[in-house]
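To keep things clear, I will list the structure first and then write my remarks on it.
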Amino acid sequence: MSTNKKNQLAGFKDPWRLASLPEGAPLAVALSGGADSVALLSLLCEHEGVHAVHVHHGIRGEEADRDAHFCAALAKKLGVPFSLLRVNVPQHAKETGESLETAARNARYAALAAWMRREGISLLATAHHADDQLETMLQHLLRGSGTRGLCGIPAARPMGEGLWVVRPLLSVSKEALLALLAERGLSYVTDSTNGEPCCERNRLRLQIIPLLKELRPTAPLDAAHCAERLAQDEAYLDGIASDFLRQEGREPSVAALRELADPILVRVLRRLMPSPPTARHIDLIRRLLDTERRHADLSVPPHTVVSVESGRLRIREKSPSLGQPFLLPVRPGENRIPQTGALVILGACPEELHAAAAHTYRYTTRIDLNTAEINGALMLRPRRPGDVILSHGMHKAVRRLAGTLELPPRVRAEMPLLVDDRGVLAVPFGALRDGAGTDTDTHVTFYFN
């Protein structure tokens, strides 16, 4: 092997160190049979505790069977324990609606994680190399990604509780790996679909990467080094966001958020939201923070609500049933509303229950009530268009009651009202119907978010 190739191979990273695990901890090598994974296994096979694992995806017919047989024979030749896992990718794609490529990746990692737990192996090494890193960075660049996307493939990432996947070859070029195989006399198999310009990644690999190498032979290695530096920058900025949330908590003040530079605000929102927000959603949240309204809501698909409430930003996941109408009878004791999660207690509320509920729910209020003023069945339901309540001799619109205006619009729309056969009897934080608040003999306590 030439000196230049040896220098390129020097970019190989210790897989245990990448995951901060002691050398000798059990390690699995994801072995596809291609040149890259064969090279990786050959570099690691002399270590104790190394195991080769191949995933048969149930596609590519006889070619896939050939790959599985080749991997088993190679592992035997190198003296490495071998396991074959089978997944039904077409069935998985049909059930999830994913593309075949996405379904294969998700099914593969799920099968590997389950197998690793069974075998007591916490570390998986894959053979992604510098050329793969360049392809990934170009894909993210074309999609307009920020720093996180341009970091490309991470050198290490968790793949479940106590499990890690590492990429020791990210700073090693494809050419160096092929030279290693030639030097060691190792053969490999080729996936015929990799030569088809059928998807973006394949076209980058077959058409764009060769052109970039003509312009700059070291392009993959240069890109890998760039990704490492960007990853350091990303970790630093993400650390600032983490420190901010440690100080502010999960519901940071709007004033503090307004003071953040955009790169930090974006990373704060990523940490707060259940799924990564798009650039458009981040822009909408910025506008929400700049609103002068005391309460404002923003719905972020698929199931997230971002709210400004009393000077703080609150992010919650919508229950699939949230917003559904309900009409429930009120019984003595606890009454829970499945559609919203609210709790309404008719009569005495045990102190321990009140303490627990007050800790769980943001809003709580008690209404003292004259049961003789109830006409027919006492029920719970949300506000409806046109709802009014007779208060001080006048019919007043429920949505305009002064006491409720301090609540966010979403809360006003979803909170439970007490109603009977004559209409609205009581509004939390609002009013009781005339006569219902005199000579009271029981009370109703509301807890809701």
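Descriptive notes on the structure:
- Selection status of Leu134, within 29 Å of Ala279 (Cβ to Cβ) and part of a helix (DSSP H, G or I): yes
- Val427 being of a type in the set (A, V, I, L, M, F, W, C), touching a residue at least 12 places away in the same chain (Cβ under 8 Å) and under 24 Å from Pro332 (Cβ atoms): yes
- With respect to the conditions (1) surrounded by 15 or more Cβ atoms within 10 Å (Cβ to Cβ); (2) touching a Lys or Arg at 6+ places or on another chain (Cβ under 8 Å); (3) within 22 Å of Asp131 (Cβ to Cβ), Leu204 falls short on a single one, namely (2).
- Every pair of residues 6+ apart whose Cβ atoms lie under 6 Å, when the first sits in the stretch 241-256 and is within 21 Å of Thr291 (Cβ to Cβ) and modelled with pLDDT of 95 or more while the second is surrounded by 14 or more Cβ atoms within 10 Å (Cβ to Cβ) and of a type in the set (Asp, Glu): Ala256/Glu248
- Close pairs from the stretch 263-290: first in contact (Cβ under 8 Å) with a residue 24 or more places away in the chain, partner open to solvent by 60 Å² or more (accessible area, probe 1.4 Å) and in a helix (DSSP H, G or I), Cβ under 7 Å, at least 6 apart: Ile264/Ile240; Leu289/Arg258
- Just one of (1) within 30 Å of Val266 (Cα to Cα); (2) in contact with a Lys or Arg (Cβ under 8 Å, 6 or more places away or on another chain) fails for Ala176. It is (1).
- For the stretch 374-404, taking the residues that are open to solvent by less than 50 Å² (accessible area, probe 1.4 Å), part of a strand (DSSP E or B) and not small (Gly, Ala, Ser), the one that is farthest from Pro338 (Cα to Cα) is identified as Leu390.
This table checks each residue for (1) in a helix (DSSP H, G or I); (2) of a type in the set (A, V, I, L, M, F, W, C).
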{"site": "Ala182", "(1), (2)": "yes, yes"}
{"site": "Ser187", "(1), (2)": "no, no"}
{"site": "Arg201", "(1), (2)": "yes, no"}
{"site": "Arg205", "(1), (2)": "yes, no"}
{"site": "Pro210", "(1), (2)": "yes, no"}
{"site": "Lys213", "(1), (2)": "yes, no"}
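- Every pair of residues 6+ apart whose Cβ atoms lie under 9 Å, when the first sits in the stretch 216-232 and is more than 13 Å from Lys174 (Cα to Cα) while the second is polar (S, T, N, Q) and open to solvent by 30 Å² or more (accessible area, probe 1.4 Å): Leu230/Thr147; Ala231/Thr147
- The stretch 157-180, subset open to solvent by less than 10 Å² (accessible area, probe 1.4 Å), assigned to a loop (DSSP other than H, G, I, E, B) and hydrophobic (A, V, I, L, M, F, W, C), residue farthest from Ser122 (Cα to Cα): Val172
- The strands (runs of 3 or more DSSP E) found entirely in the stretch 275-330 that carry 2 or more residues being open to solvent by less than 30 Å² (accessible area, probe 1.4 Å), modelled with pLDDT of 80 or more and of a type outside the set (Phe, Trp, Tyr) are 304-309.
- Those residues of the stretch 32-53 which are open to solvent by less than 10 Å² (accessible area, probe 1.4 Å) and touching a Gly at 6+ places or on another chain (Cβ under 9 Å), in sequence order: none
- Ala241 being surrounded by fewer than 17 Cβ atoms within 10 Å (Cβ to Cβ) and in a helix (DSSP H, G or I): no
- One residue stands out in the stretch 69-102 among those that are under 25 Å from His51 (Cα atoms), aliphatic (A, V, I, L, M) and part of a helix (DSSP H, G or I): the one that is most open to solvent (accessible area, probe 1.4 Å), namely Ala73.
- Met415 fulfils the conditions (1) closer than 25 Å to Ala358 by Cβ; (2) surrounded by 13 or more Cβ atoms within 10 Å (Cβ to Cβ); (3) out of contact with any Pro (no Cβ under 6 Å at 6 or more places or on another chain); (4) modelled with pLDDT under 90 except for a single criterion, (3).
- Flag if Thr136 is out of contact with any Phe, Trp or Tyr (no Cβ under 7 Å at 6 or more places or on another chain), farther than 18 Å from His225 by Cβ, polar (S, T, N, Q) and at pLDDT 95 or above: no
- Residue match in the stretch 418-429 (condition: in a loop (DSSP other than H, G, I, E, B), under 30 Å from Gly311 (Cα atoms) and either open to solvent by less than 40 Å² (accessible area, probe 1.4 Å) or touching a Pro at 6+ places or on another chain (Cβ under 6 Å) (or both)): yes
The values are calculated or read from the model by the stated rules, or taken from the named source; none is laboratory data. Everything quoted here is computed from the prediction, not taken from an experiment. Please note: Cβ atoms are built from the backbone with ideal geometry, for glycine as well, and neighbour counts cover all protein chains shown. We work out accessible area using only protein heavy atoms, side chains counted, and drop any ligands, DNA or RNA first. Shrake-Rupley method; radii C 1.70, N 1.55, O 1.52, S 1.80 Å.
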